[in-house]
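Structure, as structure tokens:
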């Protein structure tokens with residue numbers, strides 16, 4: 001994990017290292033999470049993604065991060081769009097690359113990795129790890145079991161401090 | 001360090017819709033309660049540690 005320190009107590013997270021697992025070999029690869037900005041739009045090929053990530057990157061209220069393996073930073077494994085709500089982080093979108101979807105997915109751990117990253121952003125900003133998002137009905141139980149998320153109401157879910165710290169410790173090397 | 005290995009047939013995709021003002025208000029009430037409880041537990045823990053340390057020094 002690398003942090004670029006600025007003046008005072010503030011710091012910018014520009015890169016974080018963790019890992020994902022190859023489904024065929026079980027090999028674990030170190031990964032990096034890096035923010036995508038307007039200058040990085042050419043890295044997104046619309047046909048490869050279900051959601052409109054170009055729109056997300058252009059939206060100044062949101063921050064989009066890509067997950068790549070450390071040794072191949074040009075191939076995007078997954079994307080996440082988050083918003084700073086001043087007292088918590090809101091997760092707008094999360095999507096794995098198309099080769100990481102369905103039964104033939106290449107890597108496991110991409111979404112969990114990105115959610116743990118969002119929780120870390122929340123902790124770093126002083127929001128005690130709180131992360132809010134929507135879930136598909138069928139996945140509410142799955143998120144409760146795997147992400148330790150709490151069901152708020154309807155499709156609304158959130159991750160609180162203890163769950164966030166658990167996720168962060170699972171994914172990020174100390 | 002461990003990984004959360006999602007099942008191969010499960011695709012974890014989230015597309016959130018904006019929360020209503022009412023939902024956000026209720027969520028913030030709950031969140032602040034949880035944050036306060038956490039803060040209180042941390043303060044109690046720190047106080048207990050400080051008291052123990054003082055006792056050790058006194059002994």
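Shielding by partners for peptide A:104-111, expressed as the average number of C-beta atoms from other protein chains within 10 Å of each residue's C-beta, is 4. Averaged over peptide B:15-21, the number of partner chain Cβ atoms lying within 10 Å of each residue's Cβ comes to 6.
Quantify how strongly other chains surround peptide A:149-160 by giving the mean number of their Cβ atoms within 10 Å of each of its Cβ atoms. Could you put the intermediate results ahead of the total?
Details: counts 0, 2, 0, 6, 3, 2, 3, 8, 2, 4, 0, 5.
Mean shielding count: 3.
I'm checking a number: the convex hull volume of the Cα atoms of the stretch A:109-160, normalised per residue, in Å³. What is it? Before the final figure, lay out the partial values.
Working: hull volume 3.3 nm³, N = 52.
Hull volume over Cα atoms, normalised by residue count, gives 64 Å³.
For the stretch A:2-171, what does the relative contact order come out to in percent, with C-alpha contacts under 8 Å and a separation of six or more?
Numbers: 321 pairs, mean separation 27.0, N = 170.
About 16 percent, as a whole number.
Using a 10 Å cut-off on Cβ atoms, rank the peptides A:165-171, B:20-26 from the highest mean neighbour count down.
In descending order of packing, they fall as A:165-171, B:20-26.
Mind checking Rg over Rh on the stretch A:57-155, alpha carbons, Kirkwood formula for Rh? All intermediate terms of the calculation are to be shown ahead of the outcome.
Working: Rg = 13.9 Å, Rh = 14.4 Å.
Expressed as Rg/Rh, it is 0.97.
By the helix-only formula, in which each DSSP H run with n ≥ 4 contributes -39500 (n - 2.57) and the sum is divided by residues, chain A has a 222 nm mean residue ellipticity of -6500 deg cm²/dmol. Entry note: the stretch A:2-171 has Rg to Rh equal to 0.94, where both radii use alpha-carbon atoms and Rh is the Kirkwood radius.
The numbers here are math on the coordinates, done by the rules we state, and not lab data. Since the model is a prediction, treat every value here as computed from it, not as a measurement. Virtual Cβ from ideal backbone geometry, glycine too; neighbours counted across all protein chains shown.
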